[in-house]
Amino acid sequence: MAWDGNMNKALAAISEKLRVITKCGLPPEWHVQVSQLAVELSIPEKFVREALIRLHNWGILSLKTWSNKAWREISFSECPAEGFFYNLDDANFVRVRPLLTL
């Protein structure tokens, strides 16, 4: 049951942030560190990662990070691995952009 509760908590928090971004006209990009959001929500990091991946796979948001090697942003689709969320080129930030209005 902890899995469902933690996953729901992560999905709800991320969805709420996306709602605020799209409704309030904030900059259309949210730079998030998985570890920081996990601490704020008091849940293990794996649930934040999994929630972001699910929302990405459902077409609700895009996940990108900066790559010095490629000298451009790369998407999670190009590098679908846990390390994507801990990219030192982008100071462990993931660039989250809403694709749909929630």
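Just so it is clear, none of the values below were taken in a lab; they were calculated from the coordinates. The model shown is predicted, which means the values in this text are computed figures rather than measured ones. Don't worry about glycine lacking a Cβ; one is built from the backbone with ideal geometry, like all the others, and counts go over all protein chains shown.
How many residues does the range 55-65 hold that are surrounded by 13 or more Cβ atoms within 10 Å (Cβ to Cβ) and part of a loop (DSSP other than H, G, I, E, B)?
The qualifying residues number 1.
Name every residue in the range 71-98 that is surrounded by 14 or more Cβ atoms within 10 Å (Cβ to Cβ), assigned to a loop (DSSP other than H, G, I, E, B) and among the hydrophobic types (A, V, I, L, M, F, W, C), in order of residue number.
Phe76, Cys79, Phe93
Would a scan of the range 40-54 turn up a residue that is within 17 Å of Phe84 (Cα to Cα), surrounded by fewer than 17 Cβ atoms within 10 Å (Cβ to Cβ), among the basic types (Lys, Arg) and out of contact with any strand residue (DSSP E or B) (no Cβ under 6 Å at 6 or more places or on another chain)?
Yes, that holds for at least one residue.
Yes or no: Asn68 polar (S, T, N, Q) and surrounded by 14 or more Cβ atoms within 10 Å (Cβ to Cβ)?
no
Would a scan of the range 12-29 turn up a residue that is of a type outside the set (Phe, Trp, Tyr), assigned to a loop (DSSP other than H, G, I, E, B) and touching a residue at least 60 places away in the same chain (Cβ under 8 Å)?
yes
Name every residue in the range 30-39 that is surrounded by 13 or more Cβ atoms within 10 Å (Cβ to Cβ) and either without any contact (Cβ under 8 Å) to a residue 40 or more places away in the chain or in a loop (DSSP other than H, G, I, E, B) (or both), in order of residue number.
Result: Gln33, Gln36, Leu37, Ala38.
Residues are listed down the side, and each one gets a yes or a no for (1) without any contact (Cβ under 8 Å) to a residue 12 or more places away in the chain; (2) under 24 Å from Lys23 (Cα atoms):
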site	(1), (2)
Ile53	no, yes
Ser62	no, yes
Glu73	no, no
Ala81	yes, no
Phe85	no, no
Asn92	no, no
Leu99	no, yes
